[in-house]
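The next block holds one structure in the form of structure tokens; read it before the comments.
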Amino acid sequence: MYDMSIEKGRVLKVINKTTELSFLEVLIKGLGVYKAVNYNYLTGEIKTGDKVLLNTTAFNLQLGTGGYHFVCSNISSNSRGLNDKKGHIMKLRYTPCQLRTLSVEEEDSPYHDIFTKDYNLDGYPVVLIPLHSLLAPLLVIYKSYYPQQRVVYIMTEQGSLSIGFSKTVQFLTKKKLLDKTITVGHSFGGDLEAINIFTALIAAREVLRGDLIVVGMGPGIVGTGTRYGFSGIDDCFTSYAINIIGGTCVFVPRISFADKRQRHFGLSHHSRTILEELIDFPVELILPLDDRLKKQLLACNILEKHNCCYYQIDGIVEKLFNSGIDFYSMGRSLEDDPMFFSTAGLAVNRIKELLGE
């Protein structure tokens, strides 16, 4: 069964506004004042005093949406969504919120011809991250070495569908640590839209001329505490796409010795499932030098299957601390969980080696 909780509210204040979305303070009569998000692409402009319909489902369940309600409709306005992209590809298809976009590979796209030919990445490295919170430390380290090179982030559809919801992407773009974005499948709001991960990878390299290509989900992934029941399993399919199209998959595993949950202690069971069972070709596996981790890896077949690349984390941790950026994931900071964040930065070491630098 499904459930959607709807409440009527009134906008008290527009806290912050970007092209993609507006952060609001809304009053729900008899319940109180709450934070809310309006997706400008979907429900148009919004202003103080507007009456709105709010989806309160995730907030009521205390899920990890940052404590937000979401605007379904602006009752006070006839304003249409702000999507001005041409084309005929629909995202959020066959829902009341479906929107039209120009996909990079479709016939009306100026880049269409690129996708009509055989293509191969010729071994070029593509970094695959398991959590959105690892994007920032990876890019901070990369740009510390290559400030002028272009970074392209491909966001898949297993987390937030709107890239505009990601404060991390907003921040990294503003700080010139992230140059361009591509949203895949039903995710939307990137500099380019792509129908699937194969065409996104081609676009990242051939259209956006990415020197570093990173693929990962947006914020808000799903986990159930079961072997296969987590949205991060999407990394398996992405790794195959990278391999099939001739790229080199640089896999950043989820590693933490600060997480108190046994299944996520050390190498997370999410990464272990993907690496042990689901990927049957060798990837470039990024690993910090740590005796506890080595002992854990010896108990499985990961060392035999993949190209395990070990590096010291000390220099990476120092660079992250000196960046002046606050890194957080699941309530833990860089100081709380240095190995988690620094593992992403270690990927830059392997990229340099693969490119012969």
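The values are calculated or read from the model by the stated rules, or taken from the named source; none is laboratory data. As the structure is a computational prediction, the values presented were derived from the model and not from experiment. When we count neighbours, we look across all protein chains shown, and the Cβ atoms used for this are built from the backbone with ideal geometry, even at glycine.
For the subset of the stretch 210-236 comprising residues that are out of contact with any strand residue (DSSP E or B) (no Cβ under 8 Å at 6 or more places or on another chain) and touching a residue at least 40 places away in the same chain (Cβ under 8 Å), which member is surrounded by the most Cβ atoms within 10 Å (Cβ to Cβ)? Walk me through it before giving the result.
Let us first name the residues in the stretch 210-236 that are out of contact with any strand residue (DSSP E or B) (no Cβ under 8 Å at 6 or more places or on another chain), namely 219-220, 225-228, 233-234, 236.
Filter again for touching a residue at least 40 places away in the same chain (Cβ under 8 Å), leaving 219-220, 227-228, 233-234, 236.
On the way: Pro219: 20, Gly220: 18, Arg227: 13, Tyr228: 12, Ile233: 15, Asp234: 22, Cys236: 17.
Here the residue is Asp234.
Please specify each residue of the stretch 232-245 satisfying the condition of being over 14 Å from Asn196 (Cα atoms) and touching a Phe, Trp or Tyr at 6+ places or on another chain (Cβ under 8 Å). Let's see the steps before the verdict.
First, pick out the residues of the stretch 232-245 that are over 14 Å from Asn196 (Cα atoms): 232-233, 236, 243.
Asn243 - this is the single residue of the stretch 232-245 that is over 14 Å from Asn196 (Cα atoms) and touching a Phe, Trp or Tyr at 6+ places or on another chain (Cβ under 8 Å).
Quick grid of which residues meet (1) in a strand (DSSP E or B); (2) buried (at least 22 other Cβ atoms within 10 Å of the Cβ); (3) at negative phi:
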position	(1), (2), (3)
Gly246	no, no, no
Cys249	yes, yes, yes
Arg263	no, no, yes
Arg272	no, no, yes
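Look at Ser268 and say whether it is polar (S, T, N, Q) and closer than 17 Å to Thr343 by Cβ.
It is true that Ser268 is polar (S, T, N, Q) and closer than 17 Å to Thr343 by Cβ.
Please enumerate the residues belonging to the stretch 324-357 that are outside any helix (DSSP H, G or I) and over 21 Å from the mean Cα position of the chain (by Cα).
Within the stretch 324-357, Gly324, Glu335, Asp336, Leu355, Gly356, Glu357 meet the criteria.
Quick one: would you say Tyr41 is of a type in the set (Phe, Trp, Tyr), more than 26 Å from Gly331 (Cβ to Cβ) and either surrounded by 15 or more Cβ atoms within 10 Å (Cβ to Cβ) or at pLDDT below 95 (or both)? Working first, answer last.
Numbers: of a type in the set (Phe, Trp, Tyr): yes; more than 26 Å from Gly331 (Cβ to Cβ): yes; either surrounded by 15 or more Cβ atoms within 10 Å (Cβ to Cβ) or at pLDDT below 95 (or both): yes.
Considered against the rule, which asks whether it is of a type in the set (Phe, Trp, Tyr), more than 26 Å from Gly331 (Cβ to Cβ) and either surrounded by 15 or more Cβ atoms within 10 Å (Cβ to Cβ) or at pLDDT below 95 (or both), Tyr41 comes out as yes.
Among (1) outside any helix (DSSP H, G or I); (2) at pLDDT 95 or above, which single condition is Lys143 missing?
(1)
Whether any residue in the stretch 156-165 is in contact with a helix residue (DSSP H, G or I) (Cβ under 7 Å, 6 or more places away or on another chain) and part of a helix (DSSP H, G or I) is what I want to check.
Within the stretch 156-165, the subset in contact with a helix residue (DSSP H, G or I) (Cβ under 7 Å, 6 or more places away or on another chain) is 156, 158-159, 163.
Within this subset, residues satisfying the condition of being part of a helix (DSSP H, G or I) are 163.
Looking for residues that are in contact with a helix residue (DSSP H, G or I) (Cβ under 7 Å, 6 or more places away or on another chain) and part of a helix (DSSP H, G or I), one finds at least one in the stretch 156-165, hence yes.
In the set Ser187, Ser166, which member is buried (at least 23 other Cβ atoms within 10 Å of the Cβ), at pLDDT below 95 and within 30 Å of His88 (Cα to Cα)?
Details: Ser187 fails: at pLDDT below 95.
Result: Ser166 is the single residue among Ser187, Ser166 that is buried (at least 23 other Cβ atoms within 10 Å of the Cβ), at pLDDT below 95 and within 30 Å of His88 (Cα to Cα).
Quick check: is even one residue across the stretch 247-266 under 26 Å from Leu121 (Cα atoms), within 23 Å of the chain's Cα centre (by Cα), aliphatic (A, V, I, L, M) and at pLDDT 95 or above?
yes
Matching residues to (1) assigned to a helix (DSSP H, G or I); (2) surrounded by 15 or more Cβ atoms within 10 Å (Cβ to Cβ):
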residue	(1), (2)
Asp280	no, no
Leu297	yes, yes
Glu304	yes, no
Lys319	yes, yes
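Give all pairs with beta carbons closer than 9 Å in which a residue from the stretch 334-357 that is farther than 11 Å from Leu320 by Cα meets a residue that is aromatic (Phe, Trp, Tyr) and assigned to a helix (DSSP H, G or I); count only pairs at least 6 apart in sequence or on separate chains.
Ala347/Tyr142; Val348/Tyr142; Val348/Tyr145; Ile351/Tyr142; Lys352/Tyr145; Glu357/Tyr145
Give the residues of the stretch 210-235 that are farther than 18 Å from Leu128 by Cα and either in a loop (DSSP other than H, G, I, E, B) or within 15 Å of the chain's Cα centre (by Cα) (or both), sorted by residue number. If you could, list the steps in order and put the result at the bottom.
Step one: list which residues in the stretch 210-235 are farther than 18 Å from Leu128 by Cα, which gives 223-229.
Scanning the stretch 210-235 gives Thr224, Gly225, Thr226, Arg227, Tyr228, Gly229.
Looking only at the stretch 219-270, which residues are polar (S, T, N, Q) and under 22 Å from Cys300 (Cα atoms)?
Result: Thr226, Ser239, Ser256, Gln262, Ser268.
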